[in-house]
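Peer 1: Here it is, the structure, as structure tokens.
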Protein chains: 2
Amino acid sequence: MAPYQAPLRDMQFALRELAGLDQIVALPGFEESGDVINAILEEAATFASEVLDPLNQSGDKEGCTWRDGEVTTPKGFKEAYARFAQAGWIGLPVPAEYGGQGLPQLLLGPTLEMWNAANVGFANGPLLNQGAIEAIELEGSSEQKERYIPKLVSGEWMGTMCLTEPQAGSDLAAVRTKAVPQDDHYLISGQKIFITFGEHDLAENIVHLVLARLPDAPEGTKGISMFIVPKFIPNADGSLGERNDVYCAGIEHKMGLNANPTCTLNYGERKGGAIGYLVGEPNRGLEYMFIMMNAARFSVGVQGYAIADRAYQRALEYAKERVQSRDVASRSHDAMRIIEHPDVRRMLMTMKAQLEAMRALSYVTAAALDLANRHPNEGVRKEKKAFVELMIPVVKGWCTETAQEVASTALQVFGGMGYIEETGIAQQYRDVRITTIYEGTTGIQALDLVGRKLIRDMGSTATAVITQMKSFTETIEPLENADVKVIAAALKTAIDALAETSQWIGTNAIGDVRKAFACSVPYLRLWGIVAGGWQMARAAQVALQKIDANDPEADFYRAKLTTARFYADHILTQAASLRSQVIEGAADVMSLPESQFDLDRKAAALV
Amino acid sequence: MAPYQAPLRDMQFALRELAGLDQIVALPGFEESGDVINAILEEAATFASEVLDPLNQSGDKEGCTWRDGEVTTPKGFKEAYARFAQAGWIGLPVPAEYGGQGLPQLLLGPTLEMWNAANVGFANGPLLNQGAIEAIELEGSSEQKERYIPKLVSGEWMGTMCLTEPQAGSDLAAVRTKAVPQDDHYLISGQKIFITFGEHDLAENIVHLVLARLPDAPEGTKGISMFIVPKFIPNADGSLGERNDVYCAGIEHKMGLNANPTCTLNYGERKGGAIGYLVGEPNRGLEYMFIMMNAARFSVGVQGYAIADRAYQRALEYAKERVQSRDVASRSHDAMRIIEHPDVRRMLMTMKAQLEAMRALSYVTAAALDLANRHPNEGVRKEKKAFVELMIPVVKGWCTETAQEVASTALQVFGGMGYIEETGIAQQYRDVRITTIYEGTTGIQALDLVGRKLIRDMGSTATAVITQMKSFTETIEPLENADVKVIAAALKTAIDALAETSQWIGTNAIGDVRKAFACSVPYLRLWGIVAGGWQMARAAQVALQKIDANDPEADFYRAKLTTARFYADHILTQAASLRSQVIEGAADVMSLPESQFDLDRKAAALV
């Protein structure tokens, strides 16, 4: 099997031509990053292929082991994390004052993709560590920032996010973990489950960011505070002090992601309370968590298509080598490589088109985040912030759902070999399945899209983006190219479907809220497909310009045009069905009485 | 976790109201089966719940072990197979003269569903044994029939189907295993891979049906013969004689289906040749295999939705118990059971509607097979045979593809718990993934549908079925019921899309064959969705009659109507997109040059 190879040229195309890299590196604070970007991408690609990829299959096979509260990660992971830290990859987006490199968020697109494609089990560690760094950076005291961030960036310590409890998964309002004030700190007690890298041997200390309730806290979401709970209490000089009262009671046996431990953590079980330090103000923990959650959701969206891209690479390699069956259009009896068979080619094109659309939309969203943070004009910042907030659930929900389709298609290309674990593709299929679940299921993303992003501002952000997409479509409609004409027409139809559906949901939200939410997931998919189609059409527009200008890479740009055309015919066409499903089908969703689902009643009896 | 419970009432509805059970039990030879059907269904349901289901998760966890050529199946499987045989389940469709019960094929729908839902790892044994019985029954000599079939029916021996070789998966023309004549038998040598239950401890003897080539055989598909290769050569009295030269060189480590061994079999490696007996005439092996393959493909279609139904049952149970998050349409802060949330309800309804459509279409196909075999009128037999041949790739391809969607949706209902192996749902997700691959991938089914079933008879069977669906739609259009009106309109639109697409493929098959085949998989899905929708509409028609007649089970029939309406709005609406994909997208499939898929070239470099 060929090692993972980062699709650098495709990444660069999306960065420069679609996400507007030049504009990002011109933002205040990023002026020096422009020069190093190519070098960073090349180095990251090498690190992913040479250090992370070789540990991927062995990590899945070996898995993690738990013994008396200690967790051992697979062979090679500890050394790889040390090298990852040493190479500066942890600190990529972290400000220089904490030892980071202060690079744009946009760079997270390709680098996250590389880590997750090469070894998602490994990559989840840095992904969550980054969340912890951001939480402390945004809301921690200056003492907390100085004490924790440099160690989290250097890789000596590693951060976690501890949200979920047995009764509180999607619904964090139900969090019960307690925090009782004592001297300068709090005593934390309770149980957290599903904590990724909640215990491990990659770093000498683990810094848990924990959601818990103060004794007098109001019920629900407004009574949750955030605490730093280190595994070892740091001394003033940064050395490790006392072992804190947080222990790992076990790890889960999962369908995939076996290389990273998913832990149950007990707080305050042995010594009556784990020492915790309040982050920011009391009762604002969920609000802080939501700030970070945007970043984590974006990252999981990228993780989804990263795993899918690895699956696609494997399928492509197999399709070029495997010889089976004769040409359907020939009288020859000679068998040919399966990439030459139309059905296999269709699967490869479908994956390629979907991957490019997901990558493009993610980068455009990341660039908007940089603009929202740094653009000198407040109006632009505001507009970009609203765009990012609308797109985060789409990037998370649509990319991960589509990534699962892609991984499944890739496995299908292998036929029977795909079902054998040795081949490797089954791992991607198992690994990617968690991405539509954690950091908020697709249902939760869709609730966020409809409730917080569409309805709350009366559709104004959605309308603005739809208007922007429509104007763009008008600019490409007059272009004299057969592919672009088809793309423009398909995009126009799809945008109209999205506009009509958005309007319909908005109207129904006033009357029948359940109906407005009933098909929020198909609505989210519609957004993804249309917004992805918009980016593919933008790619086609650039490609046409380059081809017309006799660019030396004309073949590369012709491929972009062809892929965009394929997307228009095969993916954008789904918009009409999704529109029908939402508008015509929403009323059906709740119409079957619950008792009629019941197998215990008559269904199990004959008449 | 609740044990598996066969949806008997739903099965009975599909048998009686949709598949026309009364007509089947009136066929010659089936006259006595009518009285016993309810009893058989009840008993099968009990066997599935009490004997097979308890071994499902333990079987997956324990898996099979290989040691020195011997394979041990999971604990309890051997005893379960003995009980299965003793209860007469193996012989259900086998004629009485061989110790079977001679029941209609239609009965295989519900019984196969029960075995596969309760324990697919176990059920694969009888499924393939049945194929071996049929092959010998149809093409074996009378001596072979007498020697082998009664033992295969009693469960003392068990059959396998040995087709695949490393270089011959989908393409059996590439089979290389050799058969050299010697005395009254042949010496077989070669290697077969992916042989389900190729070696095991469930029966004292294993009867392999092997495809191999005679020394003078023509190349390709017309030079393949079929042989019986018993693990132990039977003596004249039926006792076991010499150990034959066929040995299991290893078993695969698969993503799922861990309870059944997938074997590599070496023939003639130790003693220079395994003794084999020719079945039927030389060089007609593939033809014989195709007769059986229809049955096996039908069975795998049923297997697909059976596993999906088990997944749905688990999701339903969880959705009724799990309390999480408040009502989106209420100001109350109380969390509620997730079945009350619209998005979860949508997932449950989607699964329910798809399962009922798959079950109905499968039963209707099985009933047509009985009519094709036994109806006194030759014209009816011929018409039904053509219908069955058209529907087999649809039942196999569409049911297994849809089953994977359903299993994934079921897992999604569990959220994070779905990813934990203990919960059980992950097993269904892993197990079902093979069903779109073995017995011919979905791509192979779609090739069969377009090449052998649509194009070869110039579309006449397809046209006949489409005409039948159209006439049916006209009969329900005038009915005064809001749901039925919507269903009829959606069905009409979908049938038109199918008719147009079929016509388009037929026309293109004359000009550009690759284009005709390029979107054969979306075309197959279109067939499944429309034919399933036809059955759902028939269910709605029956339900409306029952409701109007004040049937005591009016609630049950109202649920059928509501579910059919849901299917129309949420599933049938996909027809339009599939039509566009085929007609507008087929030309795109081959248009990207292969070099542009290449990552090694420029794609890996920056510019």
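Peer 1: Given 0.36 nm per residue, what is the gain on full extension from A:R243 to A:E378 after removing their alpha carbon distance, in nm? Walk me through the numbers before you get to the answer.
Peer 2: Details: separation 135, 0.36 × 135 = 48.60 nm, distance 4.69 nm.
Extra length available between A:R243 and A:E378 comes to 43.9 nm.
Peer 1: Roughly how many Å is it from the Cα centre of the range A:215-272 to that of the range B:155-226, as a whole number?
Peer 2: One Cα centre to the other: 58 Å.
Peer 1: Further, regarding this structure: Provide an ascending nm list, one decimal, of label-point separations from A:E287 to the equivalent residue in each further copy; define each label point as 7 Å from Cα along Cα→Cβ.
Peer 2: Values, ascending and in nm: 8.0.
Peer 1: Quote the charge dipole size of the range A:236-351 about the Cα centre in Debye, to the nearest 20; the model charges only the Cβ of Lys and Arg (+1) and of Asp and Glu (-1). Spell out each step's value before the answer.
Peer 2: On the way: 15 positive and 14 negative charges, 107 e Å.
That gives a dipole near 520 debye.
Peer 1: Please list the three semi-axes, largest first and in whole Å, of the ellipsoid equivalent to the protein assembly as shown, using sqrt of 5 times the eigenvalues of its alpha carbon gyration tensor.
Peer 2: Working: eigenvalues 495, 224, 205 Å².
Value: 50, 33, 32 Å, ordered largest first.
Peer 1: Related question: Between the range B:517-534 and the range A:75-119, how far is it from one alpha carbon centroid to the other, in angstrom?
Peer 2: 46
Peer 1: Additional query: Fewest first, what order do B:E50, A:E134 take by the number of other Cβ atoms within 10 Å? Don't skip to the end; give the middle numbers.
Peer 2: Working: B:E50 13, A:E134 21.
Going from sparsest to densest Cβ surroundings: B:E50, A:E134.
Peer 1: Could you size up the charge dipole of the range B:1-110 around its Cα centre, putting +1 on the beta carbon of Lys and Arg and -1 on that of Asp and Glu, and report it in debye to the nearest 20? List each step's numbers first, then the result.
Peer 2: Numbers: 7 positive and 16 negative charges, 68 e Å.
In total the dipole reaches around 320 debye.
Peer 1: Further, regarding this structure: With the crude spin-label approximation of a point 7 Å out along Cα→Cβ, what separation in nm comes out for A:E50 versus B:D551?
Peer 2: The modelled label-to-label distance comes out at 7.1 nm.
Peer 1: Using only alpha carbon pairs under 8 Å that are at least six residues apart, calculate the relative contact order of chain B and give it in whole percent.
Peer 2: With pairs under 8 Å counted, the relative contact order is 13 percent.
Peer 1: With an 8 Å cut-off on Cα pairs and a minimum separation of 6 or more residues, tell me the relative contact order of the range A:71-145 in percent.
Peer 2: 15
Peer 1: Same structure, new question: Summing +1 for each Lys or Arg and -1 for each Asp or Glu, what net charge is found among the other residues whose Cβ lies under 12 Å from the Cβ of B:M292?
Peer 2: On the way: positive: B:R297; negative: B:E134, B:E137, B:E139, B:E287, B:E439.
Within the 12 Å Cβ shell, the charges total -4.
Peer 1: Another question about this same structure. I need to check one value: relative contact order of the range A:159-285, counting alpha carbon pairs closer than 8 Å and at least 6 residues apart, in percent. Intermediate values should be presented prior to the final figure.
Peer 2: Values: 316 pairs, mean separation 39.2, N = 127.
That works out to 31 percent.
Peer 1: Follow-up question, since we're still on this one. Taking 7 Å along the Cα-to-C-beta vector as the label spot, tell me the B:E97-B:R452 distance in nanometres, rounded to one decimal.
Peer 2: My value for the distance between the label points is 2.7 nm.
Peer 1: Tell me the volume per residue, in Å³, of the convex hull enclosing the alpha carbons of the range A:1-73. Don't skip to the answer; put the middle values down first.
Peer 2: On the way: hull volume 10.4 nm³, N = 73.
Dividing the Cα hull volume of the range A:1-73 by its residue count gives 143 Å³.
Peer 1: What nm distances, shortest first, do you get from the label point of A:E204 to those in the other copies when the point sits 7 angstrom along Cα to Cβ?
Peer 2: Nearest to farthest, the other copies are at 6.9 nm.
Peer 1: Using a simple charge model, +1 on the beta-carbon of Lys and Arg, -1 on the beta-carbon of Asp and Glu, nothing else, what dipole does the range A:442-587 show about its Cα centre, in debye to the nearest 20?
Peer 2: On the way: 15 positive and 15 negative charges, 99 e Å.
The dipole of the range A:442-587 has a size of about 480 debye.
Peer 1: Now, a different point. Put +1 on the Cβ of each Lys and Arg and -1 on the Cβ of each Asp and Glu in the protein assembly as shown; which of B:Q503, A:M536, A:A366 then has its Cα farthest toward the positive end of the dipole?
Peer 2: Most positive-ward Cα: B:Q503.
Peer 1: Could you tell me how many cubic angstrom of Cα convex hull volume the range A:442-587 has per residue? Don't skip to the answer; put the middle values down first.
Peer 2: On the way: hull volume 14.4 nm³, N = 146.
Given the Cα convex hull of the range A:442-587, per-residue volume reads 98 Å³.
Peer 1: Can I ask one more? Which value in nm describes the separation of the simple spin-label points at B:H253 and B:V36, placed 7 Å from the Cα toward the beta carbon?
Peer 2: Inter-label distance under the simple model: 4.6 nm.
Peer 1: Hey, fewest Cβ within 10 Å first, where do B:V180, B:V465 land in order?
Peer 2: On the way: B:V180 17, B:V465 22.
Sorted ascending by nearby Cβ count, the order is B:V180, B:V465.
Peer 1: Report the antiparallel proportion of the DSSP beta bridges in the protein assembly as shown as a percent, rounded to a multiple of 5.
Peer 2: Details: 72 of 86 bridges.
Restricted to the protein assembly as shown, the bridges split so that about 85 percent are antiparallel.
Peer 1: Assume the label is 7 Å from Cα along Cα to beta carbon: what separations in nm does B:D512 have to the matching positions in the other copies?
Peer 2: Spelled out, the distances from B:D512's label point are 4.5 nm.
Peer 1: Shifting gears a bit: Between the alpha-carbon centers of the range A:309-365 and the range B:299-332, tell me the distance in whole angstrom.
Peer 2: Their Cα centres are 34 Å away from one another.
Peer 1: Taking every DSSP beta bridge that has both residues in chain A, what percent is antiparallel when rounded to the nearest 5? Please list the in-between numbers first.
Peer 2: Details: 35 of 42 bridges.
Counting DSSP beta bridges with both partners in chain A, the antiparallel share is about 85 percent.
Peer 1: What is the projected area of the convex hull of the Cα atoms of the range B:157-285, averaged over all directions, in nm²? Spell out each step's value before the answer.
Peer 2: Numbers: hull surface 32.1 nm².
Reported value for the Cα convex hull: 8.0 nm².
Peer 1: What is the Rg over Rh value, at two decimals, for chain B, using alpha-carbon atoms and the Kirkwood definition of Rh? Please list the in-between numbers first.
Peer 2: Numbers: Rg = 24.8 Å, Rh = 25.4 Å.
In chain B, Rg relative to Rh is 0.97.
Peer 1: Projected onto the charge dipole of the range A:44-162 (+1 at Lys/Arg Cβ, -1 at Asp/Glu Cβ, origin at the Cα centre), which of A:T72, A:F84, A:A48 gives the Cα projection farthest towards the positive end?
Peer 2: Result: A:T72, furthest along the dipole toward the positive end.
Peer 1: Then there is this: How much net charge surrounds B:P282 when only other residues with a Cβ under 15 Å from its Cβ are counted (Lys, Arg +1; Asp, Glu -1)? Could you put the intermediate results ahead of the total?
Peer 2: On the way: positive: B:K178, B:R213, B:K222, B:R284; negative: B:E139, B:D184, B:D216, B:E219, B:E281, B:E287.
Net local charge, B:P282 excluded: -2.
Any read-out appearing in this document is the output of simple, stated calculations on the displayed coordinates, not a laboratory observation. Note that the coordinates shown come from a computational prediction; the quantities given were computed from them, not determined experimentally. Every residue, glycine among them, receives a Cβ derived from its backbone with ideal geometry; neighbour counts consider all protein chains shown.
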